[in-house]
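Novice: Would you mind keeping the following structure in view while I ask a few things?
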Amino acid sequence: MAVDLLLGLQWGDEGKGKIVDVLTSNYKIIARFQGGPNAGHTLVFNGMKHVLHTIPSGIFHEEAMNLVGNGVVIDPVIFKKELDKLSEQNIDYKSRLLISRKAHLILPTHRLLDAASETSKGKAKIGSTLKGIGPTYMDKTGRNGIRVGDLELQDWKEKYRALAKKHIAMIDFYNVKIDYNLEELETEFFEAIKVLKSIKFIDSEEYIYQSQKKGQSILAEGAQGSLLDIDFGTYPFVTSSNTTAAGACTGLGVAPSSIGDVFGIFKAYTTRVGSGPFPTELFDEDGAKIAKVGHEFGATTGRPRRCGWLDLVALKYACRVNGVTQLMMMKGDVLSGFKTIKVCTAYNYKGETITHLPYNIEEHNVKPIYTEFKGWKEDLTEMENASQIPQELNDYIDFLEKELEIPIKIVSVGPDRKQTIFR
Ligand code: IMP
């Protein structure tokens, strides 16, 4: 049985949580494969908003098993808070949540290191969510990390002490002012570890293999977006994991030959939170309108997101790197009421017209070249089926499908599960 993937194609916040939620009934297992609590997957149903950071978005469906894969980094403190929220809502997660023994732990000192590193960068800061993601992946690849499976061993606290001590020395080395009370942080951390240990730890690559063999359907849920990929994103303004399709192979132990459909999620426009190049960013009232109507504030940090027109050059690149087979366009409703809608179809790069993403997309050397579309006035949020899509939006969708050579199967017109148009 093939494993299907669901990935964000822009700079994150595309609305992956909603689509996983919509698709979950088709899958037995939902698995996260990278990232950590830097993600914020928002789901809305029955008039309630739910935000998940580490736990897969299938947790609200009673039938689905949810796996936190080896490629994920887990902050026990945030994880505990997520579990508490689920308990408050009477969600019985215990029997439906599994964690890979090979997933790495975010320690309190990883968060402090993240803050020290960002502060030391001054204006050149990445705009990290400060959840300790970068330092944790550094320890993973540096072969110093602590894994979930270590918690089952006697000597893990010694390992913890040695690593935390090293981190404190590194924080001192940065020579920046970071306020913290390690004792308090550790008390909270060790309490949370107890809760983490109440969840079932498994050898997840074996579980995935056996599930595939039994013919169980699996959806791998990506976090962040392709343009934040550590290799293919706008480095160094990226996250520290592979957010693209290949990340699902290494983050779950799925063989490349058993990847099935790759669902690519994108917004009808573009947003970015944090620093880094963004060629189609708008600084005018159109950008402000998108931000306001689209409620473009980070689900994890609450920071305002930068907004701009759709960048087809970057989107094509993301589709290719991921091998996307089906597209899902989010937040179509936000573009209602614009007289003109623009799509960037090429860049002016150092005086030349190019249609690929260059190595160096510094703000000043890439200027977007736009194709314009007539906007539509209709409110889309009450739409129930594809026959109600206004002609102008159909023209927009047709153009994108032709350019990307991939069908757009879903148009989302609001945050609720019900506001989903299948084509
Ligand atoms: P980090 O992964 O928290 O270190 O953040 C690195 C960059 O990725 C920053 O620009 C963040 O704003 C961005 N980022 C990380 N996670 C997300 C996400 O889930 N959505 C959008 N941007 C993210």
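Novice: Using a cut-off of 14 Å between beta-carbons, work out the net charge of the residues near residue 6 (Lys and Arg +1, Asp and Glu -1, residue 6 not included).
Specialist: Around residue 6, the charge tally is -1.
Novice: Restricted to Cα positions, what overall size does the chain have along the principal axes? Three whole-Å values, descending.
Specialist: 65, 51, 40
Novice: Note down, for the range 1-135, the three equivalent ellipsoid semi-axes (square root of 5 times each alpha carbon gyration tensor eigenvalue), biggest first, whole angstrom.
Specialist: 27, 16, 15
Novice: Computing the accessible area with a 1.4 Å probe over protein heavy atoms, can you report the carbon and sulfur percentage for the range 299-356?
Specialist: Looking at the range 299-356 in its full context, I get 48 percent from C and S.
Novice: Follow-up question, since we're still on this one. What residue among 391, 154, 326 shows peak mean-square fluctuation when the chain is described by a Gaussian network model with Cα springs under 10 Å?
Specialist: Highest fluctuation among the options: 154.
Novice: 222 nm [θ] for the chain, helices only, -39500 (n - 2.57) per DSSP H run of 4+, per residue, to 500?
Specialist: -9500 deg cm²/dmol
Novice: For the range 351-423, what relative contact order do you get, as a whole percent, if you take Cα pairs closer than 8 Å and at least 6 residues apart?
Specialist: After rounding, I find 27 percent.
Novice: Enumerate by residue number the trypsin sites (Lys or Arg not before Pro) in the range 77-179 meeting two conditions: DSSP loop (anything except H, G, I, E, B), and at most 16 other Cβ atoms within 10 Å of the site's Cβ.
Specialist: Counting only loop positions with at most 16 other Cβ atoms within 10 Å, the trypsin sites (Lys or Arg not before Pro) in the range 77-179 are 101, 125, 143, 177.
Novice: In a Gaussian network model over the chain where Cα atoms closer than 10 Å are linked, find which of 411, 176, 77 has the largest mean-square fluctuation.
Specialist: 176
Novice: Let me ask another. Over the Cα atoms of the range 384-423, each weighted equally, I'd like the Debye log10 I(q)/I(0) at q = 0.26, 0.29 Å⁻¹, rounded to two decimals.
Specialist: One equal scatterer on each Cα of the range 384-423 leads to -0.93, -1.05.
Novice: Which angle from 0 to 90°, rounded to the nearest 10, does the C-alpha axis of helix 204-213 make with the longest principal axis of the chain?
Specialist: Long axis of 204-213 versus the principal axis of the chain: about 50 degrees.
Novice: Dividing the Cα radius of gyration by the Kirkwood radius, what Rg/Rh value follows for the range 292-417?
Specialist: Using Cα coordinates only, the ratio equals 0.97.
Novice: Additional query: So if I average 1/r over every pair of distinct C-alpha atoms in the range 258-363 and take the inverse, what Kirkwood radius in Å does that give?
Specialist: 15.1 Å
Novice: What does the convex hull of the alpha-carbon atoms of the range 298-357 project to on average, in nm²?
Specialist: 6.4 nm²
Novice: Could you work out the Kirkwood radius for the range 1-61, taking every pair of different alpha carbons, averaging 1/r and inverting it, reported in Å?
Specialist: 12.1 Å
Novice: How much of the DSSP bridge set in the chain is antiparallel, in percent, rounded to the nearest 5?
Specialist: Approximately 40 percent, going by the DSSP bridge assignments.
Novice: What do you get for the angle between helix 108-121 and the principal long axis of the chain? Use alpha-carbon atoms, 0 to 90 degrees, nearest ten.
Specialist: Orientation of helix 108-121: about 50 degrees from the principal axis.
Novice: Within the accessible area of the range 124-213, what % is carbon and sulfur when the probe is 1.4 Å and the other protein chains stay in place?
Specialist: In the range 124-213, the share of accessible area belonging to carbon and sulfur is 52 percent.
Novice: For the range 172-239, just the Cα set please: Rg and Dmax, both in angstrom.
Specialist: Values for the range 172-239 (Cα only, Rg and Dmax): 19.5, 54 Å.
Novice: Past the 28 Å Cα-Cα mark, which pairs from 131/200; 81/121; 165/194?
Specialist: 81/121
Novice: Right, next: Which one of 321, 60, 236 has its Cα pushed farthest toward the positive end of the charge dipole of the chain, where Lys and Arg give +1 and Asp and Glu give -1 at the Cβ?
Specialist: Among 321, 60, 236, the one farthest towards the positive end of the dipole of the chain is 236.
Novice: With the cut-off at 19 Å, report for the range 147-211 the share of all Cα pairs above it, as a whole percent.
Specialist: Taking all Cα-Cα pairs of the range 147-211, the fraction more than 19 Å apart is 50 percent.
Novice: So what is log10(I(q)/I(0)) for the range 59-182 at q = 0.11, 0.16 1/Å, when the Debye sum runs over its Cα atoms only?
Specialist: The calculated log intensity ratios at q = 0.11, 0.16 Å⁻¹ are -0.45, -0.86.
Novice: Taking 1 over the mean of 1/r across every pair of different Cα atoms in the range 200-260, what Kirkwood radius in Å do you get?
Specialist: Kirkwood hydrodynamic radius for the range 200-260: 12.7 Å.
Novice: Give the accessible surface of the chain per residue, rounded to a whole number of Å², with probe radius 1.4 Å and ligands, DNA and RNA excluded.
Specialist: 44 Å²
Novice: Is any residue of the range 397-423 close enough, with backbone N under 16 Å, to a label point placed 7 angstrom from the Cα of residue 261 along the Cα-Cβ axis, and if so, which?
Specialist: Counting backbone N atoms under 16 Å from the label point, the list is 406-412, 420-423.
Novice: Right, next: If every alpha-carbon in the range 119-160 counts as one equal scatterer, what log10 I(q)/I(0) does Debye give at q = 0.23 1/Å?
Specialist: -0.84
Novice: Dividing the alpha-carbon Rg of the range 341-399 by 2.2 N^0.38 Å yields what?
Specialist: 1.56
Novice: Suppose we keep just the alpha-carbon trace of the range 120-232; what are its Rg and Dmax in angstrom?
Specialist: Over the range 120-232's Cα set, Rg and Dmax evaluate to 18.0, 54 Å.
Novice: Over the chain, what is the relative contact order in whole percent, taking alpha-carbon pairs under 8 Å and six or more residues apart?
Specialist: 20 percent
Novice: So, how do all the Cα-to-Cα distances of the range 183-297 break down into 5 Å bins, in percent, from 0 on up?
Specialist: For the range 183-297, the pair-distance distribution reads 2, 8, 13, 13, 13, 13, 14, 11, 8, 3, 0.
Novice: Same structure, new question: Please compare each pair in 18/213; 267/409; 289/374; 331/402; 289/377 to a cut-off of 23 Å on the Cα-Cα distance and tell me which ones are over it.
Specialist: Going by Cα-Cα distance, 18/213 fall outside the 23 Å limit.
The values are calculated or read from the model by the stated rules, or taken from the named source; none is laboratory data. Computed from a predicted structure; not experimentally measured. For neighbour counting, all protein chains shown are included, and Cβ atoms are generated from backbone atoms with ideal geometry for every residue, glycine included. Ligands, DNA and RNA are stripped out before the accessible areas are found, and what is left, the full protein with its side chains, is counted by its heavy atoms. Shrake-Rupley method; radii C 1.70, N 1.55, O 1.52, S 1.80 Å.
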